[in-house]
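Right, one structure below, let's go through it.
The values are calculated or read from the model by the stated rules, or taken from the named source; none is laboratory data. From a predicted model like this one, the values you see are computed outputs, not experimental measurements. For neighbour counting, all protein chains shown are included, and Cβ atoms are generated from backbone atoms with ideal geometry for every residue, glycine included. For the accessible areas, the whole protein counts, side chains as well, though only heavy atoms, and no ligand, DNA or RNA atoms are used. Shrake-Rupley method; radii C 1.70, N 1.55, O 1.52, S 1.80 Å.
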Amino acid sequence: MSSQERTTLFADVIVPLAVPNLFTYRVPHNWNDLVQQGQRVVIQFGKSKFYVGVIAKIHSQSPKGYEAKYIQDILDSKPIVNQTHLAFWDWISTYYMCTPGDVLNAALPSGLRFSSETRIIKNESFSVEEAAEDYFNEKEWKLISELEMKTELSMAEASDALGIKNVQPVIQSLIVKGAARVMEEMKGEFKPKKESYVRFTPHITEKKLQNIFSELEKKAVVQLEILMKYMQLSEWHTKKPVTVKKSALLNSSGSPTSLNALVKKDILEIYEAEVSRLKHSEDKIIQSNELSAIQQEAMEKVNSLFKEKNVVLLHGVTSSGKTELYMQLIDDAIKQNKKVLYMLPEIALTAQLVSRLKKRWGNKVGVYHSKFGDNERVEIWNGLINSSPDPMNGEKRIDYSVIVGTRSALFLPFSNLGLIIIDEEHDSSFKQQDPAPRYNARDAAIYLAQLCNAKVILGSATPSVESYHNAVSGKFGLVELLTRFGGMEMPEIVICDLKEETRKKLMKSMFTPYLLGSMEEALKNNEQVILFQNRRGFANFIECSVCANVPQCVRCDVSLTYHKKADLLRCHYCGYSIALPKICPACGSPLIETKGFGTEKVEEELSVFFPKARTARLDLDSTRTKNAHANIINLFEERKVDILVGTQMVTKGLDFDNVSIVGILNADVGLYFPDFRSTEKTFQMMAQVSGRAGRKNKRGKVVVQAYNSHHPVIARVVGNDYIGMYHDQIEERKNFSYPPFTRLIEITLSHRNQEDLDAMSPILADALKKRFGSDRVLGPEYPLVTKVQNYYQKKLLLKIERDKYSLKMKEMVFDSVNLFLKKGKDYAKTRIKIDVDPQ
């Protein structure tokens with residue numbers, strides 16, 4: 001084919017930056033047959049930066065308004081993102097009003113989306129010795145000296161060497177003077193884990209081995225021992241010999257020198273092969289459990305509803321056996337060669353569940369969440385794309401049938417997805433807050449299932465008001481399990497009035513006498529206790545008892561929380577921390593008191609009241625390391641911990657056999673937040689944590705400590721009356737135009753200057769009111785925390801009727817925001833965050 005006849009192809013590429021458009025790149029002619037939609041490519045963006053993007057579309061139209069640069073490299077032999085998921089990414093970007101680059105950054109593990117790093121290189125053609133003494137200033141000489149020693153430096157290394165943050169002017173000066181240059185180096189790429197293996201060289205036959213044995217027996221006995229050990233480990237005489245690790249062979253036989261001698265004699269060879277970083281299960285596979293009559297009836301109803309509905313809500317009280325129904329549905333999907341995604345709101349829940357699933361399906365179960373390292377997540381990703389034999393050693397990669405994960409697992413490249421299970425579907429952890437895309441994984445999963453022709457089961461003991469409304473109105477199917485499995489009773493719920501107990505001076509620290517007595521009885525009976533306090537740290541804040549000064553965060557408009565173990569005051573918004581002051585920084589008084597309490601203080605107080613009890617804490621501070629969640633839960637499950645104290649992590653779906661008492665220390669604290677969901681969330685929290693009590697053989701007890709013990713929502717919890725709570729809430733939301741009757745879009749404006757924010761935010765509000773009507777736009781108002789990380793913030797809320805909510809309305813929002821930002825320099829400094837369906 002002549003050069004004139006060659007087709008010129010272009011690729012629209014998603015770049016990992018918050019830019020609204022795709023960028024078009026030219027495909028080199030010799031790559032026309034290699035390039036595919038969904039592959040990663042290296043592209044140049046701007047003058048010198050290189051990024052890894054994903055091809056969204058291939059076509060023959062050159063871009064308008066700019067000249068297309070060439071693709072620099074193709075990283076994949078086949079797509080790592082399929083067409084279905086590219087369509088899903090596009091929907092996420094459109095629905096949640098974010099950029100395609102935002103979605104790419106959320107979807108791909110960082111090991112698959114590396115970018116370039118600027119490095120400063122010594123210019124070899126420049127002679128430093130010949131330069132005049134005054135040619136370089138002091139900082140330039142210092143950097144030149146570093147380059148003389150190291151040849152090249154990263155920007156961070158240059159900054160450390162000079163002791164300044166902004167090194168660009170120094171580097172630019174060295175470039176102009178000819179002493180240095182810069183280059184871009186790709187960083188962050190996934191590196192497969194390699195292991196050294198041993199095998200016979202190809203020419204070794206059984207006849208040759210006999211001669212080798214005879215020779216080694218006379219001259220090299222140790223080498224003969226290694227050879228014999230290798231044959232034993234490899235099961236060489238069987239039809240299916242196994243691979244032998246070099247480390248295993250040396251552990252069994254000793255001498256590396258003798259092994260190397262066998263390699264030099266061309267008898268054995270050492271080779272490298274890719275191995276998994278993931279732990280594989282050796283558990284014996286067990287058969288499924290029999291369903292009870294009630295469970296079987298629910299199962300049949302689910303399957304019947306799936307014939308006409310794509311989504312079914314399984315409303316089952318705590319311990320009603322929902323998980324066993326999920327297992328049956330997974331089994332049915334696997335028998336049809338379908339993949340299953342099992343989503344959970346918290347990493348803490350994965351350990352118990354994965355153990356159950358692996359006993360049923362072994363290594364067909366994979367796990368994917370943020371506590372996994374980048375390389376481990378890439379392995380799961382690659383495992384879903386490619387289950388063909390490994391070219392290095394012929395071993396078949398694990399073909400995952402079930403993936404258990406948190407919200408990020410939604411983006412995995414499933415093919416043949418048949419079922420999505422969303423357990424604890426009501427949980428607000430399914431909603432991504434920052435950064436964009438601010439997606440709700442539950443709602444996004446329903447759309448993904450639609451693209452994949454898959455089914456969705458939503459499960460919860462306390463469904464979200466929106467989901468239950470969708471079910472009772474017929475949009476979703478509804479199946480209810482309203483009795484506990486095996487005839488177990490719902491726990492007894494006892495309300496303790498904190499206001500009255502405090503007035504009578506009966507409180508023992510943060511415990512009522514009734515709760516302390518109940519805990520003491522449980523411990524005497526070798527039973528376990530869970531205590532819930534929805535605040536971490538030791539104290540909410542510290543206060544000077546003389547001048548009432550409370551230390552505040554310097555970057556946020558909040559008081560600092562005291563963490564006793566670290567002996568720090570810490571901001572829970574930005575991470576700023578200071579040492580605990582010995583005297584009041586305002587008046588100098590040493591009389592400083594702690595106010596309020598968090599999980600850390602509860603744990604300390606327990607050691608006073610129950611010195612022999614073994615306690616553990618489950619909160620963000622105690623679970624920062626990779627396996628901390630699982631370790632704490634395992635200790636409690638194995639009854640090596642008597643009392644577990646925690647935040648919301650202890651309320652969500654954990655299953656313990658020996659818990660007889662659950663204590664909710666400050667139950668009504670969440671009722672008074674200015675949030676239309678506060679009643680619903682408080683009911684869900686109390687009902688969920690109550691469900692941890694009395695799991696087997698014995699009725700459990702829940703002790704609820706509250707200041708407003710007569711609040712209607714507490715009465716609903718005592719009566720286990722979800723339906724009553726739902727009807728209360730649905731009526732209220734209808735009256736005040738809140739979801740599910742409207743859709744919400746929250747717009748947050750942030751600015752460093754509070755006066756500018758006060759002046760400018762009403763201008764955007766007025767623009768939105770002109771387009772949408774003043775009754776649909778609330779604000780601008782300051783939120784509870786008015787300043788975060790040195791930025792003051794105000795919020796606007798759009799309430800749009802469901803039947804009028806459309807893409808056109810979102811375009812009107814975008815247009816209003818863009819016109820606002822173009823009004824002037826101060827306007828352009830405003831940060832604007834758009835949150836669709838805020839939680």
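Annotation: amide H-H contacts under 5 Å for LEU417 (H modelled 1.01 Å from N, sequence separation of 5 or more, or interchain): LYS339. Subtracting the Cα-Cα distance of ARG6 and LYS823 from 0.36 nm times their residue separation leaves 289.3 nm of extension gain. Taking all protein chains as present, what is the carbon and sulfur share of the accessible area of segment 505-621, in % to the nearest whole number, probe 1.4 Å? Carbon-and-sulfur percentage of accessible area, whole number: 51. Label reach from TYR447 (point 7 Å along Cα→C-beta): in segment 815-839, amide nitrogens under 16 Å belong to 834-839. How far is the Cα center of segment 131-175 from the Cα center of segment 670-725, in Å? First find each Cα centre; the distance between them is then 62 Å. With loop membership from DSSP and a limit of 10 other Cβ atoms within 10 Å, the longest segment of the chain without trypsin sites (Lys or Arg not before Pro) is 308-503.
Using R₀ = 35 Å, calculate the FRET efficiency as 1/(1 + (r/R₀)^6) where r is the Cβ-Cβ separation of TYR271 and LYS359; round to 0.05.
On the way: r = 35 Å, r/R0 = 1.00.
The value I calculate is 0.50.
Distance between the 7 Å Cα→Cβ label points at ASP657 and LYS524: 2.5 nm. Per-residue 3J(HN,Hα) values for segment 575-592, derived from phi via the Karplus relation 6.51 cos²θ - 1.76 cosθ + 1.60 with θ = phi - 60°, read x, 4, 9, 9, 5, 5, x, 7, 10, 5, x, 8, 10, x, 6, x, 7, 10 Hz in sequence order (x marks Gly and Pro). The H on the amide N of SER589, modeled in the peptide plane, is under 5 Å from the matching H of CYS584, each at least 5 residues off or on a different chain.
If you take the beta carbon distance between PHE213 and VAL263 as r and set R0 to 25 Å, what does 1/(1 + (r/R0)^6) give as a FRET efficiency, to the nearest 0.05? Spell out each step's value before the answer.
Details: r = 17 Å, r/R0 = 0.69.
Efficiency at R0 = 25 Å is approximately 0.90.
Using the Kirkwood radius over Cα pairs, work out the Stokes-Einstein diffusion coefficient for segment 529-647 at 20 °C and 1.002 mPa s, in µm²/s as a whole number. Taking Rh from Cα pairs, D becomes 139 µm²/s. A Förster radius of 51 Å, combined with the Cβ-Cβ distance separating SER77 from GLU308, puts the computed FRET efficiency at roughly 0.75.
In this Cβ point-charge picture (+1 for Lys and Arg, -1 for Asp and Glu), the chain has a dipole of about 720 debye about its Cα centre.
For a quick check of your reading of the filter: which chymotrypsin sites (Phe, Trp or Tyr not before Pro) in segment 1-81 sit in a DSSP loop and have no more than 10 other Cβ atoms within 10 Å?
TYR66
The share of alpha-carbon pairs in the chain lying farther apart than 48 Å comes to 34%. Here's the list of lysines a cross-link from LYS208 could span, going by alpha-carbon distance under 29 Å and ignoring same-chain residues fewer than 8 apart: LYS218, LYS219, LYS229, LYS239, LYS240, LYS245, LYS246, LYS264, LYS265. By the Cβ distance rule (another cysteine Cβ under 4.7 Å), the unpaired cysteines of the chain are CYS98, CYS452, CYS496, CYS574. In order along segment 12-28, the Karplus-derived 3J(HN,Hα) couplings, from 6.51 cos²θ - 1.76 cosθ + 1.60 at θ = phi - 60°, round to 7, 10, 7, 9, x, 10, 7, 10, x, 10, 7, 10, 9, 10, 8, 8, x Hz, and Gly and Pro are given as x. Once Rh is set to the Kirkwood radius over Cα pairs, what Stokes-Einstein translational diffusion coefficient, in µm²/s, holds for segment 709-789 at a temperature of 10 °C and a viscosity of 1.306 mPa s? Estimated via Stokes-Einstein, D reaches 100 µm²/s.
Of all lysines in the structure, those lying under 18 Å Cα to Cα from LYS322, and not within fewer than 8 positions of it along the same chain, are LYS301, LYS358, LYS359, LYS455, LYS652, LYS696.
Alpha-carbon geometry of segment 4-60: the Rg and the Dmax are 11.5, 38 Å, given in that order.
For the pair GLN789 and GLN336, label points projected 7 Å from Cα toward Cβ lie 4.4 nm apart. The phi torsions of segment 221-227, fed into the Karplus equation with coefficients 6.51, -1.76 and 1.60 and a -60° offset, translate into couplings of 5, 5, 5, 5, 4, 5, 5 Hz, rounded to whole numbers, with Gly and Pro shown as x.
Would you kindly calculate the translational diffusion coefficient of segment 50-178, applying Stokes-Einstein with the Kirkwood radius from alpha carbon pairs, for 20 °C and a viscosity of 1.002 mPa s, and quote it in µm² s⁻¹ without decimals?
Details: Rh = 18.8 Å.
Diffusion coefficient, whole number: 114 µm²/s.
In the chain, a dipole from Cβ-located charges (positive for Lys and Arg, negative for Asp and Glu) runs towards its positive end, and of GLY779, PRO551, ASN211 it is ASN211 whose Cα lies farthest in that direction. Ellipsoid fit via the Cα gyration tensor, segment 697-839: semi-axes of 38, 21, 12 Å, each the root of five times an eigenvalue, largest first.
Only beta bridges with both residues in the chain are counted; by DSSP, about 60 percent of them are antiparallel. Radius of gyration over Kirkwood radius for segment 437-580, both on Cα atoms: the Rg/Rh ratio is 1.10. Straight-line cross-link partners of LYS431 among the aspartates and glutamates, defined as a Cα under 13 Å from its Cα and at least 8 positions apart when in the same chain: GLU346, ASP443, ASP835, ASP837. Scanning residues 5 or more positions from GLY316 or on other chains, those with amide H under 5 Å from its amide H are SER460, ALA461, LEU481, with H placed 1.01 Å from N in the peptide plane. Relative to the current alpha-carbon distance between ALA87 and SER252, full extension at 0.36 nm per residue lengthens the span by 54.1 nm. In plain terms, the chain from ARG614 to HIS727 could stretch by 36.4 nm, reckoned as 0.36 nm per residue minus the Cα-Cα distance.
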